[in-house]
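What follows is a short report on a single structure.
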Amino acid sequence: MDYQKIIVDEPRPRLRRITLNRPDKRNPLSNALRGELFNALESADREDSVRVTIIRGAGSCFSSGYDLKSNVAKDQPFHTAGGLGNWPRHVVEGFFKIWDLAKPVIAQVHGYCLAGGTELATACDLVYVAEDAKIGYPVVRAISPPDNQFYPWIVGLRRAMELMLTGDHMSGAEAVECGFANRAFAIGELEARVLDIAERVAMTPSDLQQINKRAVHRQMDAMGIRAGIRAGTEMQQLATFTQSTQAHLAEMRKGLTQALSQRDAAYGDYRTASERK
């Protein structure tokens, strides 16, 4: 496949790396990019020469989230039943597509990792972050809870509630403290450290590693993660019918940048951080 939105390379033996390559837009996850991403992940999972896949972002960040300027209902990379809740259900199905791959997938996170970017990172088996990364879900301030209700499962009740009720972001170091990420490194060390860890993971043969991976996931399944996350899609859809969300969506149709700045101005963070008094 001739990729237009991602770059695929093999930085070291047995390692495949996927770079989200829309740096001028902070790597928004359009359906076109997501289609290429799933294709590359599935290709790596089929190839005997690959044992580990790394996902990272080009430019200043990992990903600022889904492409809000695109129509996410069109040209979805795989079929999801239509009707109310199509998009959050589609997102969750994509999460479990990555979750169910045989080979380990590592997220290498720097800069912004927001909204859909956080959902992509949490779908990966291991997450390594820059110490000064900014990880959060600001969409809860104006539209809805996440399409994928991962926070309670990944970071626990109290931290999840704080993140959901404020839309604030975590630094990379804070993400490690609460269990979102495995380890945090200085930005200048992140790439080399991730490659070293990936090489270590790749030492275990894939036929055994896929069972090791499933052993952990089956325990999460037994605790109800699939049912819980799927149930959350209805909450996301319900939120879009609130008066507050409808008003924000109307502002977005007038101008996306202005609407997002208006959303965050009172909080003084994200794109409005320089305006904080």
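Values in this text are rule-based calculations from the coordinates and carry no lab data. Quantities reported herein were computed from a predicted structural model and do not represent experimental measurements. In this analysis, Cβ positions are derived from the backbone assuming ideal geometry, glycine residues included, and neighbour counts consider all displayed protein chains.
Here the Karplus relation 6.51 cos²θ - 1.76 cosθ + 1.60, evaluated at θ = phi - 60°, turns the backbone of region 183-196 into coupling constants of 8, 10, 10, 4, 4, x, 9, 4, 4, 5, 5, 5, 4, 5 Hz, with x for every Gly and Pro. The label point for Arg226 and the one for Gln258, both projected 7 Å from the Cα toward the Cβ, are 4.7 nm apart.
Relative to the longest principal axis of the Cα atoms of the chain, the long axis of helix 31-46 makes an angle of roughly 20 degrees. Remark on Ile55: its backbone amide H falls under 5 Å from those of Ile18, Ile106, Ala107, Gln108, a criterion applied only to residues 5 or more positions apart or on other chains, H modelled at 1.01 Å from N. Helix 206-222 axis versus longest C-alpha principal axis of the chain: approximately 40°, rounded to the nearest ten. When Met252, Met223 are sorted by how many other C-beta atoms sit within 10 angstrom of their C-beta, beginning with the fewest, the order is Met223, Met252. For region 128-167, backbone nitrogen atoms closer than 14 Å to the point 7 Å from Ala173 Cα along Cα-to-C-beta are found at 130-134. Taking packing as the residue-averaged number of other Cβ atoms within 10 angstrom, the listed peptides 126-137, 141-152, 2-13 run from highest to lowest as 126-137, 141-152, 2-13. Using a cut-off of 9 Å between beta-carbons, work out the net charge of the residues near Ile18 (Lys and Arg +1, Asp and Glu -1, Ile18 not included). The answer is +1.
Largest GNM mean-square fluctuation across His169, His79, His90, computed for the chain with C-alpha springs under 10 Å, falls on His79. Select from Arg230, Arg89, Arg158 the residue whose mean-square fluctuation is largest in a Gaussian network model of the chain (Cα-Cα springs shorter than 10 Å). Result: Arg158 has the largest fluctuation of those listed. Protection proxy ranking for 97-106, 236-245, using the average of other Cβ atoms within 10 Å per residue and placing the highest first: 97-106, 236-245. About the centre of its Cα atoms, the chain shows a dipole size close to 340 debye [charges on the beta carbon of Lys, Arg (+1) and Asp, Glu (-1) only; nearest 20 debye].
Once the Cβ-Cβ distance of Thr166 and Glu234 is raised to the sixth power relative to R0 = 30 Å, the FRET efficiency obtained is 0.85. Given their separation in residues at 0.36 nm each and the Cα-Cα distance between them, Glu251 and Gln219 gain 7.2 nm when the chain is fully extended. Just checking the listed ones, Arg200, Arg159, Arg214: in the Gaussian network model of the chain with Cα springs under 10 Å, the one fluctuating most is Arg200.
Fully extending the segment from Tyr267 to Gln243, taken as 0.36 nm per residue of separation minus the present Cα-Cα distance, adds 6.6 nm.
Between the listed residues Gln243, Ile187, Asn148, the Cα displaced farthest toward the positive end of the dipole of the chain, a dipole computed from Cβ unit charges relative to the Cα centre, is found at Gln243.
Once the chain from Asp196 to Glu42 is taken as fully extended at 0.36 nm per residue, the excess over their C-alpha distance is 53.1 nm. Look at where the Cα atoms of region 192-258 and of region 1-66 average out, and the two centres are 16 Å apart.
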